[in-house]
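Working notes, structure below.
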Amino acid sequence: MVGVEPLDEVPPQRGGRALAKFLANRAAIFGGCVVALFVLVAIFAPLVSPYDPLATSFTAIRKAPSALHWFGTDELGRDIFSRMAYGARTSLMAGVISVAIAVCVGVPFGLLAGFFGGWTDMVISRVIDAKLAIPFLILAIALASFLGPSLTNAMIAIGLSATPIFARLARGQTLMITAEDYVEGARAIGLPNRWIIIRYIFPNIMPPLIVQATLTVATAIIAEASLSFLGLGQQPPDPSWGSMLNTAKNFMSQAPWMSLFPGAAIFLLVLGFNLLGDGLRDALDPREN
């Protein structure tokens, strides 16, 4: 009986070429450094924050940036730099957990649809198409409104809204992998379907899923900031970049720094994830390796 060689391990030469190509991409390296910087700030927020992010001071209301308050203070005299450091935790946690929910829910359905086809594919694909017909942010706002305002519900809403992206990608990749000879060989020797999916198909669709997950984290961060801006995400007084912007809109002329720094942080973090995702896409593209 002819055996089938699993392809769930990346050859060393191919992995080395992908790593070299990624390291040669200056934009991707810059994006990775930006993301790493925000991750470090979020992890060590208690150490880098000079003040308690919730502590108010009525003698320091809306103070401009200075040596005492690097990013100034807000309408309650709270230190903006400290609030932004803790707000980085909220944004990164929302982005990563939301995407994890989308991957855990969407990928299995995409695998089932692409592998079994027939009625299974038809039903799952129609549900995916119906969800994709609704704009991502509109669906997230609707789900967050239904679940109630909180960071946890916002992450669930964003994750469920992003589910069809990963389901469609997993389905398309599974259709291509299923047509390969080694999958047909695995079927011919009588391997169970679950073993074929776990051992042969899922490892081979991981690279595009990793790239898509990286790019979707950026989208999830914007979505979380939008929901917090609307009062559907992180609730005051806990810091969130979106809720900070919501407050800052009332003081644009008196204290422009209240909106400048949270807005710049969202822009830089999203840019970092997008550059990192583009670099991973180029490095992991099998047509280039």
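No value in this document is a laboratory result; all are computed from the given coordinates. What you see is a predicted model, and the numbers here were worked out from it, not measured in a lab. In this analysis, Cβ positions are derived from the backbone assuming ideal geometry, glycine residues included, and neighbour counts consider all displayed protein chains.
Quick check on the stretch 35-77: of everything there that is part of a loop (DSSP other than H, G, I, E, B) and aromatic (F, W, Y), which residue is nearest to L215 (Cα to Cα)?
F44
Residue check, Y182 against (1) under 26 Å from the mean Cα position of the chain (by Cα); (2) surrounded by fewer than 19 Cβ atoms within 10 Å (Cβ to Cβ); (3) in contact (Cβ under 8 Å) with a residue 12 or more places away in the chain, all met but one. Which one?
Condition not satisfied by Y182: (1).
Among the residues of the stretch 250-281, how many are free of Cβ contacts under 8 Å to residues at least 40 places away in the same chain and buried (at least 21 other Cβ atoms within 10 Å of the Cβ)?
0
Do you know which of the residues in the stretch 216-249 that are surrounded by fewer than 19 Cβ atoms within 10 Å (Cβ to Cβ) and touching a residue at least 40 places away in the same chain (Cβ under 8 Å) is farthest from T56 (Cα to Cα)?
Once the filter is applied, the top-ranked residue is L230.
Which one of A213, A188, A218, A265 is farther than 25 Å from L143 by Cβ and within 23 Å of the chain's Cα centre (by Cα)?
Selected residue: A265, the only one of A213, A188, A218, A265 that is farther than 25 Å from L143 by Cβ and within 23 Å of the chain's Cα centre (by Cα).
Is there a residue in the stretch 128-139 that is more than 21 Å from the chain's Cα centre (by Cα), part of a helix (DSSP H, G or I) and surrounded by fewer than 24 Cβ atoms within 10 Å (Cβ to Cβ)?
yes
Quick check: anything in the stretch 78-85 surrounded by 15 or more Cβ atoms within 10 Å (Cβ to Cβ), of a type outside the set (G, A, S) and outside any helix (DSSP H, G or I)?
yes
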